[in-house]
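Notes for the one structure printed next.
Laboratory data are not the source of any read-out in this text; all were calculated from the coordinates shown. As the structure is a prediction and not an experimental result, all values here were calculated from the model. Quick reminder, even Gly has a Cβ in these numbers, built from the backbone with ideal geometry, and neighbours come from all protein chains shown.
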Amino acid sequence: MKFKGKIAAWYWIVLIIVNCMCFFNFDYLKGREMEVAVYIIIADFVLLPPAIRNYVMLTQNTLTIYFGFGKDEIKIKDIIEIKEKRGPAAATSFDRLVIATKEKDSAFTVKNKEEFLKEVKNIRRKIIITRKAKKEKSAGPSAISKKKTNNKEKKK
């Protein structure tokens, strides 16, 4: 089964800004157009492949991660745990999954995370899935005072 990789909006914004730099009229770049063009080509060489080739193939025996020019194949029997992670990393989204095996960890992103985790669990039930706790919305002063009142009532 093929799971498409997730690409966050910030990644596309960075890609667009980098490619639009050649259209900006910066005075300090005058006479350095060739240098800017080389930087843009290098940036596209790094940023475009993960946006174009970003998916995960899941079979009964293997999980294969395709990301840009890279390919990482993991045997299902070697997977110990799948951890949900959030935060900055070298990925196309801050919301990613990390697969822990005996030898290494591999990080990737998928659009339909719930379906992916369900399929992995169907193939091998022994795999541990660790969820990242969702942050609670900040409570206003009235909610905090209600909690304090409820705690005082419980103590009585």
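List of remarks:
- Using C-alpha pairs under 8 Å with a sequence gap of at least 6, the mean separation divided by the residue count of region 5-124 gives a relative contact order of 22 percent.
- Qualifying aspartates and glutamates (Cα of each under 16 Å from Cα of K2; at least 8 residues distant if same chain): D72, E73, E114, E115, E119
- Its Cα centre serving as origin, region 72-117 has a Cβ charge dipole (Lys and Arg +1, Asp and Glu -1) of approximately 80 debye.
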